[in-house]
Amino acid sequence: MKIYVVLALLLVGLASNAQQQEVQKTIESFFQGFHQKDTIKLKSVCFDKIILQSISESKTKGNKLSDETAKEFYKSIATIPSNLKFNEKVLSYNIQIDGSMAHVWAPYEFYLNDKLSHSGVNTFTLFKEKDTWKIIYLIDTRRK
């Protein structure tokens, strides 16, 4: 009887790990599209009605919450100058899943032309539609 309990727990752990890997792969695909300025790839992992927000933190100007439409976001990515080198380095992933919803907490550092521009945390909320994880909400903090 004990062996069945151990096997059941092992299978649940493996399934959970596989789900987390799927979610992380979705976020990694998002950043691949971002770095390649590939809006088609970005759209493939984002929900049509994705919500995008940013929190800018400044000691002199205070904190500011801003919204961006999906259309504005994709246009801003597509129009990044080719001579501008940028890299958003994700430092870690904390993934939580409940059924068809996942939440990812991902601290990052953002570099422009190899110099640290700002850092913060990305949080992603994902929805599993059929067998595909889609990003439905993205909010990030930004501090110099």
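The values are calculated or read from the model by the stated rules, or taken from the named source; none is laboratory data. Small disclaimer: the values here were computed from a predicted structure and weren't measured. What goes into the accessible areas is simple: the full protein's heavy atoms, side chains included, and nothing from ligands, DNA or RNA. Shrake-Rupley method; radii C 1.70, N 1.55, O 1.52, S 1.80 Å.
How far is helix 2-36 tilted, in degrees, relative to the longest principal axis of the Cα atoms in the chain, given as a value from 0 to 90 rounded to the nearest 10? Here the helix axis deviates by roughly 20 degrees. Per-residue ellipticity at 222 nm, computed for the chain from helices alone with -39500 (n - 2.57) per DSSP H run of at least four residues, works out to -12000 deg cm²/dmol.
The shape of the chain can be summarised by an equivalent ellipsoid whose semi-axes, obtained from the alpha carbon gyration tensor, come to 32, 17, 15 Å from longest to shortest. Listed by chain and number, the aspartates and glutamates placed with their C-alpha closer than 14 angstrom to that of K134 are E22, E28, D48; residues fewer than eight positions away on the same chain are left out. Per residue, the accessible area of the chain comes to 67 Å², computed with a 1.4 Å probe over protein heavy atoms only.
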